[in-house]
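Step one of this worksheet: look at the structure below.
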Amino acid sequence: MSDFVESTRKAEITIRLSEFEVPPMQDVLIVGRKAPIGPEAARRMVDILSPEQYEIVEIEHPVIEAIVIRKSLTNMITKDRLIPLILDEGGKVANESTIIKAQLNIVLQVSKSIDL
Amino acid sequence: MISCVSNIMIKKINTVDAYDGICKAERIMDENNINCIPVMHDGKLVGVLTSRDIRKTHPNRIVADAMTKKVISVTPETSLWKAKQVFEENKIETLLVKEKDSLVGLVTKTCLYTELGKYYDPLTGLYRSEYIYHMGMELLEKGFEISVIFIDLNEFGQIDKEFGHAQGDLILKELGMLLKSHSHGDTYLCRFGGDEFVVLTQYNLDKCMVLAEILLKAISTHKFKNNINVTASAGIAGGRRQDARAQNPRETVMDLINLASLASTKAKKEKTKLAVADGFFQNEIACGSA
């Protein structure tokens with residue numbers, strides 16, 4: 001027989017609503033070598049949601065397998081310049097099993113002068 | 001007839017799709033007791049997934065993110081020796097067989113080596129004659145000049161009678177090791193028959209004669225078990241190419257071995273140790289466009 005005189009069971013439900021990001025990634029995904037989702041799966045995912053907007057760049061790196069990057073970024077700055085920059089910072093936080101989502105803003109500053 | 005890959009390949013092949021999950025591929029591999037599975041996509045072969053790939057990856061991944069994309073394949077007509085070379089060069093366990101871009105089979109390393117064991121002489125540890133035929137044909141097809149040394153032991157039957165066949169076998173075994181240690185790295189050696197050995201070279205006649213003399217000297221100066229005196233005679237054929245020939249490579253190799261064996265018999269009869277074959281074949285032992 002139970003020692004409790006009275007007992008109740010309750011469930012608390014919390015609902016959080018927010019807008020679904022399309023695509024669910026932002027500008028860059030840094031894919032670890034043993035991450036649960038590989039670069040091909042990531043590309044397939046974003047290709048379905050945002051066709052032809054992302055590309056995979058395979059990387060020679062001890063822990064990072066590939067970088068999935070928004071094409072519009074590489075149109076502004078070449079991959080050769082951009083990828084080392086991402087690796088430099090991303091490499092500090094990424095490990096073999098992680099997928100890091102990165103936001104990358106590029107602001108081009110152009111200043112020109114003309115002879116009057 | 002030289003056996004080729006089509007004779008030993010597995011034709012019923014399990015495959016997975018590039019977008020299948022690793023767990024599915026692993027299950028198929030476990031159920032079929034295989035450690036490599038071809039990966040297809042849209043009817044095309046796009047990679048292979050090995051047990052090693054699976055060990056290195058996360059189980060949640062799709063096959064495309066774990067497979068080896070570089071597909072190493074051969075055609076069904078590839079000889080077993082060539083397939084062995086491909087296995088060794090690429091350090092792989094399974095070789096895919098493709099015909100006109102279609103996957104038609106696969107060969108496992110175990111299966112290939114078991115088959116190759118049939119061309120291996122367990123007594124001497126040397127290959128059998130089929131190996132020399134294959135290597136000779138391959139060299140001829142590549143446009144190389146070839147020459148053959150046929151080594152025949154003198155009075156080996158007498159050694160068998162006097163010391164017994166078991167002792168005779170020990171001598172053959174020792175001789176196999178001796179010839180192997182004195183043959184150069186760019187030559188090919190086999191036990192051709194009972195007490196006959198063949199060395200295939202890419203040398204011209206003069207260089208081939210030097211090697212033959214080295215081998216004969218090694219035999220005559222070697223102290224065999226129980227101090228049994230062993231000598232040999234050798235015949236040489238080939239190594240004097242002048243023109244390309246139309247004859248098919250297998251027949252050429254066969255002719256050269258035959259001529260070299262006749263020369264060794266001549267050397268034995270005339271007690272000259274070494275004889276060079278005379279005949280019309282020596283002037284035309286290359287094929288193709290050399």
When you look at B:Leu170, is it part of a helix (DSSP H, G or I) and under 22 Å from B:Ala260 (Cβ atoms), yes or no?
no
Filter pass, B:Tyr113 being under 29 Å from the mean Cα position of the chain (by Cα), open to solvent by 60 Å² or more (accessible area, probe 1.4 Å) and at pLDDT 90 or above
yes
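Per-residue answers, yes or no, for (1) among the hydroxyl-bearing types (Ser, Thr, Tyr); (2) open to solvent by less than 60 Å² (accessible area, probe 1.4 Å); (3) touching an Asp or Glu at 6+ places or on another chain (Cβ under 9 Å):
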| residue | (1), (2), (3) |
| --- | --- |
| B:Met9 | no, yes, no |
| B:Ile13 | no, yes, no |
| B:Cys23 | no, no, no |
| B:Met40 | no, yes, yes |
| B:Val48 | no, yes, no |
| B:Ser51 | yes, yes, yes |
| B:His58 | no, yes, yes |
| B:Val63 | no, yes, yes |
Yes or no: B:Glu213 closer than 15 Å to B:Asp152 by Cα, modelled with pLDDT of 85 or more, acidic (Asp, Glu) and in the same structural domain as B:Ile151 (by TED's automatic domain parsing)?
yes
In the stretch B:86-96, is there at least one residue being among the aromatic types (Phe, Trp, Tyr), within 14 Å of another protein chain (Cβ to nearest Cβ) and surrounded by 14 or more Cβ atoms within 10 Å (Cβ to Cβ)?
no
If you check every pair at least six apart or on different chains, which have Cβ atoms under 9 Å apart with a residue in the stretch B:51-70 that is more than 11 Å from chain A (Cβ to nearest Cβ) first and a residue that is outside any helix (DSSP H, G or I) and polar (S, T, N, Q) second?
B:Ser51/B:Asn35; B:Arg52/B:Asn35; B:Arg52/B:Thr68; B:Asp53/B:Thr68; B:Thr68/B:Thr50
Taking helices (runs of 4 or more DSSP H) that do not extend beyond the stretch A:26-116, which have at least 2 residues that are open to solvent by less than 30 Å² (accessible area, probe 1.4 Å) and free of Cβ contacts under 8 Å to residues at least 40 places away in the same chain?
A:39-49, A:79-93
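The values are calculated or read from the model by the stated rules, or taken from the named source; none is laboratory data. Since this is a predicted model, take the numbers as computed values, not measurements. For neighbour counting, all protein chains shown are included, and Cβ atoms are generated from backbone atoms with ideal geometry for every residue, glycine included. Quick note on the areas: whole protein, heavy atoms, side chains included, nothing else; ligands and nucleic acids left out. Shrake-Rupley method; radii C 1.70, N 1.55, O 1.52, S 1.80 Å.
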